[in-house]
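The values are calculated or read from the model by the stated rules, or taken from the named source; none is laboratory data. These numbers come from a predicted model, not from an experiment. Methodologically, a virtual Cβ is constructed for each residue, glycine included, from the backbone with ideal geometry; neighbour enumeration extends over all protein chains shown.
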Amino acid sequence: MPFKFGIYAAIFFTLLSCNSSGNKSTIKSDSNKLSVSSPTQKGSLKSVTPSYDNDVSTIGIGLIIVPDKFVICDDSLLNNKFKSIDMYGDEPAINIYSKFYKPDYGIMHFVCLQAAEKYYKVVVNYNTIKYLPKSKDYKFITWINYIMQSFGVRRNGLKPESHQSLRTMPSVNADTLAIPGKYEMFCPVEVNNDWVKVKFDCFYNDDNNKHEGEPCKNYISECKNPITGWIKWKDGNKILIDILLMP
């Protein structure tokens with residue numbers, strides 16, 4: 001398995017929302033009923049029910065993959081503990097959320113703002129700054145590696161700002177391409193700034209997909225002349241695609 005998240009990779013699952021081309025997932029990402037108060041950009045408070053993929057004020061330099069049991073601190077010296085979390089034991093009572101959030105599957109991936117010698121500076125909820133210890137149990141991964149080591153990507157059709165065409169070149173002025181199947185899945189092959197080059201997964205629409213459960217890089221070469229193009233993976237601090245961690 002290429003996604004090197006240690007033992008936590010074994011529990012990753014596809015929890016991503018459907019796009020404009022349809023969806024084959026059966027687990028809904030809004031199953032968590034947690035509601036927290038989070039500051040809006042204007043400073044007021046609003047009630048937020050976290051989904052799997054949550055809006056954040058910045059996407060930082062990458063993500064921190066935390067272990068099942070972890071500690072969040074208020075300060076960079078790690079002296080003032082904000083909260084201790086056991087994702088499986090505390091899941092109903094967790095009152096914070098991360099960028100990618102599904103604690104009952106062991107997934108809390110926080111946006112990382114800084115990787116210092118002894119700590120990671122991270123975003124909790126929409127824009128709250130907290131700190132995690134920098135130890136072997138806390139894994140840092142860049143956004144590029146997060147995308148390239150995924151099982152696949154697709155356009156996110158639920159967010160209006162994410163609606164986009166598949167392009168022949170990494171430019172909004174390039175010609176558009178159509179995909180041949182009802183359901184959309186791409187294999188990432190290259191990242192160029194805000195764009196990711198992708199190949200259409202020719203097996204994804206098969207009723208009996210012989211590659212079900214495999215990362216796309218294991219078999220994408222078996223697709224004969226797959227549709228290949230570019231989509232934007234981010235726009236500023238907005239992630240525009242679904243990144244699948246497991247099939």
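Of note, VAL172 does not satisfy the criterion of being assigned to a strand (DSSP E or B) and not hydroxyl-bearing (Ser, Thr, Tyr). Total residues in the range 62-111 satisfying the condition of being assigned to a helix (DSSP H, G or I) and either in contact with a Lys or Arg (Cβ under 8 Å, 6 or more places away or on another chain) or surrounded by fewer than 16 Cβ atoms within 10 Å (Cβ to Cβ) (or both): the figure is 7.
Taking (1) of a type in the set (Gly, Ala, Ser); (2) surrounded by fewer than 17 Cβ atoms within 10 Å (Cβ to Cβ); (3) in contact (Cβ under 8 Å) with a residue 24 or more places away in the chain; (4) not assigned by TED's automatic domain parsing to the domain that holds GLY236 in turn, SER135 satisfies each apart from (3). Taking (1) more than 18 Å from TYR52 (Cα to Cα); (2) assigned to a loop (DSSP other than H, G, I, E, B) in turn, LYS197 satisfies each apart from (2). Close Cβ contacts (under 6 Å, 6 or more residues apart or on different chains) running from residues in the range 138-150 that are at pLDDT below 95 to residues that are part of a loop (DSSP other than H, G, I, E, B) and of a type outside the set (Lys, Arg) comprise GLN149/PRO2; GLN149/PHE3.
The set of residues in the range 200-244 being touching a residue at least 60 places away in the same chain (Cβ under 8 Å) and either outside the structural domain of ASN156 (by TED's automatic domain parsing) or part of a strand (DSSP E or B) (or both) consists of GLY229, TRP230, ILE231, LYS232, LYS234, ASP235, LYS238, ILE239, ILE241, ASP242, ILE243, LEU244.
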